[in-house]
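Down below is the structure, laid out as structure tokens.
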Amino acid sequence: MTTTRHRRHLPTPEDAAVEPAPPVTRSRRPGWRNPRLLLGLLLVAASVLGGARLLASADDTVAVWTSTRDLPDGATLAEADLGRERVRFPDQEAADGYLSAEQAPPVGAVLDRRVGAGELLPRAAVAPRERAELVELPLGVASDDLPATVRQGSVVDVWVAPSAAGGGATTASGEQRAAEARRVLEDVTVVAVPGTQDSLAPETTRQVVLGVPTDRSDEVAAALGGLAEGRVVLTRKG
């Protein structure tokens, strides 16, 4: 039996020259039409625009005056009654309805209505300048002759009642008639009711500061003359 051996063909240099070379791939720079590049540019533009709007909105707030406590109608504003707060209003017209804190504090102004604690101070709540000009009249009133409900902003009448030691008037027939109280001031606003320095001490007399409009200042002289005739009694009306 004859065995045939096959020799393996070894590649020669001539065979290598015949085989085709693999194609060369060149790297290309991404063009403007590349979706990933366009998406990245859109994200950068959106972030820049959002940041610009955020910075612009931060400047939309306006500083306005607020009340630090409950203030009644007729109260005279003090520096301790005022606070500052930055608020974002929908438009300039709404912002103009409140007192701007960029202006001087309205110390000494008189309120035309009640303002709650923490409330923005409306322009409409501040009385006109002519109404705010008052003549302040301090009175010493016995605790029994001063209603406990009288406080800053209350509207009161001032009466002079005959003192216990004072006698009545004598009629033409010689009869003794009991003296009557008379009103010396009507519809005046309480500007302040100062407290005592020692809260433990009994308050037999309280000081009450009344505000009389300047156009009624002539009533102050007449009232002071009548106050010496008896004891002062306040009656609250509002």
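Here are the numbers for the structure shown:
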{"read-out": "Amide hydrogen neighbours beyond the local backbone of TYR98, cut-off 5 Å, H modeled", "value": "ARG123"}
{"read-out": "Extension gain from THR204 to ALA142, taking 0.36 nm per residue of separation minus the Cα-Cα distance", "value": "21.7 nm"}
{"read-out": "Under 5 Å, built H, 5+ apart or other chain: amide partners of ALA179", "value": "GLY168, ALA169"}
{"read-out": "For peptides 67-73, 223-229, 39-45, sequence by mean Cβ density within 10 Å, most packed first", "value": "67-73, 223-229, 39-45"}
{"read-out": "Local electrostatic count, VAL193, Cβ distance below 9 Å [Lys/Arg +1, Asp/Glu -1]", "value": "+2"}
{"read-out": "Full-stretch length increase - ALA104, LEU41 - with 0.36 nm per residue and alpha-carbon distance subtracted", "value": "17.8 nm"}
{"read-out": "Base-10 log of normalised Debye intensity for segment 61-130 (one unit scatterer per alpha-carbon) at q = 0.14, 0.26 Å⁻¹", "value": "-0.37, -1.23"}
{"read-out": "Segment LYS237-GLU180, extension gain: residue separation times 0.36 nm, minus the distance between their alpha carbons", "value": "18.5 nm"}
{"read-out": "Charge context of LYS237, other residues only, Cβ under 10 angstrom, K/R +1, D/E -1", "value": "-2"}
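No lab work stands behind these numbers, since they all come straight from the coordinates. In this text the structure is predicted, and so the values were computed from the model without any measurement. Note: ideal-geometry Cβ built from the backbone for every residue, glycine included; neighbour counts use all protein chains shown.
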